[in-house]
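The values are calculated or read from the model by the stated rules, or taken from the named source; none is laboratory data. Just so we're clear, the structure is a prediction, and the values are computed from it rather than from any experiment. Backbone-built Cβ (ideal geometry, glycine too); neighbour counts: all protein chains shown.
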Amino acid sequence: MATSIAANAWVDPRAHLDEEVEVGPFSMIGPDVRIGRGTRLLSHVTVMGRVEIGADNVIYPNAVIGGEPQDVSYDGSDTRVVIGDGNVIREGVTIHRGSQKEDGLTQVGDHNFLMANCHVAHDCQISNHVTIANGTLLAGHVHVHDHANISGAVAVHHFVTVGRYSFLGGLSRALHDIPPYMLCEGAPARPRCINIVALRRHDFSRETIDCLAAAHRLLYRSKVDATHAVEILQSKDQMCPEVEELFEFLSGQQAGKHGRGREMRRAA
């Protein structure tokens, strides 16, 4: 099936579009753009700068991908956006190019769902199977790991890491790293319980869920320090791989500044 470009769309002749790409009415594609097979730009989509979009994505009206980073120190250097396969990017989503401060790359993986009016700032890294609901704002350098779920109107501070299978409740303000497997909410967001819905939905075993629940009770209800909590969990044979991952994440979190493990350059 040939590429389909609406008569009133504008595609720079230097852009590379694979077969079966659809470019809808009033869309604009810049010269340094590559779009993979089967991706559809429904209408009024703008793709600018050096952007690579994979296969079978659906991009809805008024999305803007590849705009310059909203960083006053940006000097016009050659930075990129890379988007994988099978993503749904809804109305009004903005995804900005990387800055020169990190890897010069903003990246979205595979099979993610970005709902209307989300903002993905410069140097963000979104992994796979992530859902981000309406109006959520990711500041620069945020990393979101596999299967994380972020509700609507959430603000995520720069350099925050959102762990695997975590859930961030609506209207939350994420100032610190969000631990894997936890349900967090509030301003600032704090772990309230384990993300039991996601764990069951993804077929985690009953034993794993019980071990994570025990770790949560020790860390966030009883306020036991991490070293002592590990000793207790080991004595009860509850240090499964997922709990080990949780404690490794928390150790890295404390290596940064203000509970943001990746903000190493500013750590005291």
(request) Only residues that are among the polar types (S, T, N, Q) and surrounded by fewer than 17 Cβ atoms within 10 Å (Cβ to Cβ): list them for the range 75-121, please. (result) Ser77
(message) Looking at (1) loosely packed, with under 15 Cβ neighbours inside 10 Å; (2) at pLDDT below 95, which one does Ala187 not meet, given that it meets all the others?
(response) (2)
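Of the residues Phe249, Phe159, Phe204, only one is among the aromatic types (Phe, Trp, Tyr), closer than 27 Å to Leu114 by Cα, modelled with pLDDT of 95 or more and in contact with a His (Cβ under 8 Å, 6 or more places away or on another chain); which?
After applying the criteria, what remains is Phe159.
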(message) Being over 23 Å from Leu168 (Cα atoms), exposed (fewer than 15 other Cβ atoms within 10 Å of the Cβ), over 26 Å from the mean Cα position of the chain (by Cα) and of a type in the set (Gly, Ala, Ser) is the requirement here; does Ser222 meet it?
(response) no
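Would a scan of the range 215-231 turn up a residue that is part of a strand (DSSP E or B) and either in contact with a helix residue (DSSP H, G or I) (Cβ under 7 Å, 6 or more places away or on another chain) or modelled with pLDDT under 95 (or both)? Explain how you work it out, then say what you get.
Residues of the range 215-231 that are part of a strand (DSSP E or B), as a first pass: none.
Within the range 215-231, none of the residues are part of a strand (DSSP E or B) and either in contact with a helix residue (DSSP H, G or I) (Cβ under 7 Å, 6 or more places away or on another chain) or modelled with pLDDT under 95 (or both).
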(message) So for the range 66-76 (the condition being of a type in the set (A, V, I, L, M) and modelled with pLDDT of 95 or more), does at least one residue qualify?
(response) no
